[in-house]
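Notes to accompany the following structure.
The values are calculated or read from the model by the stated rules, or taken from the named source; none is laboratory data. Just so we're clear, the structure is a prediction, and the values are computed from it rather than from any experiment. Backbone-built Cβ (ideal geometry, glycine too); neighbour counts: all protein chains shown. Protein only, heavy atoms only, side chains kept; ligands, DNA and RNA dropped before computing areas. Shrake-Rupley method; radii C 1.70, N 1.55, O 1.52, S 1.80 Å.
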Amino acid sequence: MKRGLFITFEGPEGSGKSTQLRILGKRLRGKNLPVLETAEPGGTPIGLQIRRVLLDAKNQELCPTAELLLMFAARAQNVDQAILPALAAGHVVLCDRFTDSTLVYQGAARGLGTELVYEVDRIACRGLVPDLTLVIDVDIETGLARAHRRNQRTQDSETRLDEQSLEFYRKVRAAYQQLAEDEPRRVKVIDGSREEEDVKKAVWEAVQAPLQTLLA
Ligand code: TMP
């Protein structure tokens, strides 16, 4: 069965990755490619219920291990119900965050460690690894300011993970950079501090090589 292409978008809060994912999705559909856009935590009706528990600002007592397992519970559901069937049908799957987020937020910033994250990943994702991961990078202050403006505008109550210490977000950003150094073939860092149009161009360039492989 021909497999599609699995592209993930990563980055700290307020990086603009979700906007870029939507722009890319539209562009690929314009080229008559079948596209699935999905997001984590969420992506499925069950995943969205788990997302509410994870991000509700009232759930301050949620412990790091429960946080980790709930991220993977939402992901397992998304992998089974949406991502694997779409890949099997030859779709380009664009996923807003995936296991790299868990490596960075729970593994590095919460301090649970990389090994534990990979261990649960083996159960939840069963070897599914993105073909390409785009880390949209912005400095912490710019990103948090954008995220807070968005939360106020939408009166979002899913802000628990937008309210961590600056030290937490410094670890997040450093861990993304480390990931790109460790896996340079899969993980590409894109400077998200530029104009939206320039970021869009960089994203388009980055997807050309895997797209050619898909279309070959
Ligand atoms: P979002 O704002 O991109 O929708 O992401 C929601 C929050 O969840 C964001 O602060 C990052 C966090 N997160 C983790 O901590 N671990 C994960 O595995 C995922 C997918 C998200």
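Brief remarks follow.
- Residue list for the stretch 12-43, filter: assigned to a loop (DSSP other than H, G, I, E, B), closer than 13 Å to V93 by Cβ and more than 10 Å from the ligand (Cβ to nearest atom): L33, P34
- From the list E167, E141, the lone residue that is under 21 Å from G16 (Cβ atoms), out of contact with any Ser or Thr (no Cβ under 8 Å at 6 or more places or on another chain), in a helix (DSSP H, G or I) and modelled with pLDDT under 95 is E141.
- Residue tally, condition in a loop (DSSP other than H, G, I, E, B) and away from the ligand (no atom under 13 Å from the Cβ), over the stretch 44-56: 1
- Of all residues in the stretch 67-82 being within 13 Å of the ligand (Cβ to nearest atom) and touching a Leu at 6+ places or on another chain (Cβ under 9 Å), the one that is most open to solvent (accessible area, probe 1.4 Å): L70
- Filter result (open to solvent by 40 Å² or more (accessible area, probe 1.4 Å) and hydrophobic (A, V, I, L, M, F, W, C)) within the stretch 37-61: I46, L48, V53
- Close contacts from the stretch 1-25, counting a first residue that is in contact (Cβ under 8 Å) with a residue 12 or more places away in the chain and a second that is part of a strand (DSSP E or B) and open to solvent by 10 Å² or more (accessible area, probe 1.4 Å), with Cβ to Cβ under 6 Å and a gap of 6+ residues or different chains, come to F9/D96; S18/D96; L21/D96; G25/V35; G25/E37.
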